[in-house]
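Note sheet for the following structure.
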Amino acid sequence: MELSRRGFLKLSGGTMGAAIILPQLGWGKGILDVKASSPISLHKRIGETTTICPYCGVGCGFIAASGDNEIINIEGDPDHPINQGSACSKGSALAQIRTVNGKDNPWRLTKPLYRRGGGTEWEEVEWDWTIDAIATKIKDTRDSKWVEKDGSGKTVNRCESIACFGGAALDNEECYLLSKMARSLGIVYLEHCARI
């Protein structure tokens, strides 16, 4: 049987009409009734959040799935405009930042380490001490190396002995705040790894 385009459209329309009208008239009632054997749970057993890869300046997006305080899976975010779900070899290993083979990564640092001047060993220190030490070093360096006027006597008010380098894990707002902080300190060597 050869079917023309017009004949195909007539047959398709008739079949659809019969499928809609006949059950209303009581024919074939119950044939298409489907009952689930058990309800499907719509609750997520794991939490998902988006994150940015910290390894380079590209800024690829990932989806991290976690449960019971551990990373279960990390995969490329298909909605991210940069990597569109793909991942390089370093990005594919993001889960190892926290866990390796289901166990906490023994090389993952959880506290700041400090090596005293002339020392050979690292020692664990507290975060409060670390932040105070960094702030003190920045203030001392800035005060001792402040440049008020350049060689021609022009007022410049800058600090040429400190540089600020932004990381790939920073979003636009964090980069804005970092650059504002650096400029308020008079830092002129300001860069971001995405531009290098």
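Bear in mind that the values in this text are calculations on the coordinates, not laboratory data. These figures come from a predicted structure and were not determined experimentally. Cβ sites come from the backbone with ideal geometry, for glycine too, and all protein chains shown count toward neighbours.
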Arranged from highest to lowest average of other beta-carbon atoms within 10 Å per residue, in what order do the peptides 129-141, 50-62, 174-186 appear? 50-62, 174-186, 129-141
Taking the Cα atoms of the stretch 145-195 alone, what are Rg (to one decimal) and Dmax (as a whole number) in Å? 12.8, 40
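Between residue 164 and residue 3, what length in nm is gained on full extension when 0.36 nm per residue of separation is reduced by their alpha carbon distance?
Gain on stretching residue 164 to residue 3: 50.5 nm.
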With R₀ set to 25 angstrom, the calculated FRET efficiency between the beta-carbons of residue 171 and residue 123, to the nearest 0.05, is 0.15
Which of the aspartates and glutamates could be linked to residue 90 by a straight reach, that is with a Cα gap under 18 Å, when you skip same-chain ones fewer than 8 residues away? 75, 77
Measure off 7 Å from each Cα along the Cα-to-Cβ vector at residue 154 and residue 136, then give the distance between these two points in nanometres to one decimal. 3.8 nm
Report relative contact order for the stretch 67-187 in percent, whole number only (criteria: Cα-Cα under 8 Å, sequence separation at least 6). 12 percent
Figure the gain on full extension for residue 107 and residue 24 (residue separation times 0.36 nm, minus the Cα-Cα span) and round it to one decimal in nm. 23.1 nm
